[in-house]
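The values are calculated or read from the model by the stated rules, or taken from the named source; none is laboratory data. Quick caveat, the model's predicted, so the values are computed rather than measured. Cβ: placed from backbone, ideal geometry, glycine included. Neighbour counts: every protein chain shown. Remember, those area values only see protein heavy atoms, side chains included, never the ligands or the DNA or RNA. Shrake-Rupley method; radii C 1.70, N 1.55, O 1.52, S 1.80 Å.
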Amino acid sequence: MDKNQYIGICKVGEKGQIVIPKEARVMFDINPGDSIVVLCDKNKGMALLKSDVIESFTNSVLNN
């Protein structure tokens, strides 16, 4: 697998919480206190994005 790709498994706890695997946190520079956006589509699945990705996209759209 490419070093820019990662596949991992998370377990869902009793409160619905997941732990993002260390390899993924390092790859995306996710640190304690960071905000994560959860995108969901019933047919396509779920995606997690750091909120700064959405912020920079929003800023680029609104500033043009």
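Observations
- By the rule of a C-alpha distance below 28 Å, with chain neighbours fewer than 8 residues away ignored, the lysines paired with residue 42 are 11, 15, 22, 50.
- Normalised per residue, the accessible area of the chain is 94 Å², obtained with a 1.4 Å probe and no contribution from ligands, DNA or RNA.
- Given the chain, longest segment not containing exposed loop trypsin sites (Lys or Arg not before Pro) (DSSP; at most 14 other Cβ within 10 Å): 16-41
- Efficiency of FRET from Cβ geometry, residue 61 and residue 22, R₀ 25 Å, rounded to 0.05: 0.15
- Within a straight-line Cα-Cα reach of under 16 Å, residue 3 can be paired with the following aspartates and glutamates, leaving aside sequence neighbours fewer than 8 residues apart in one chain: 23, 29.
- Eigenvalues of the alpha-carbon gyration tensor of the chain, scaled by 5 and square-rooted, set the equivalent ellipsoid semi-axes at 23, 16, 14 angstrom, largest first.
- Virtual spin-label span in nm between residue 2 and residue 47, 7 Å along Cα→Cβ: 1.5 nm
- Between 41, 29, 52, the GNM of the chain built on Cα springs shorter than 10 angstrom shows 41 fluctuating the most.
- Cα long-axis angle, helix 51-62 against the chain (0 to 90 degrees, to the nearest 10): 20 degrees
- Apportionment of accessible area to carbon and sulfur, segment 18-64, percent (1.4 Å): 58 percent
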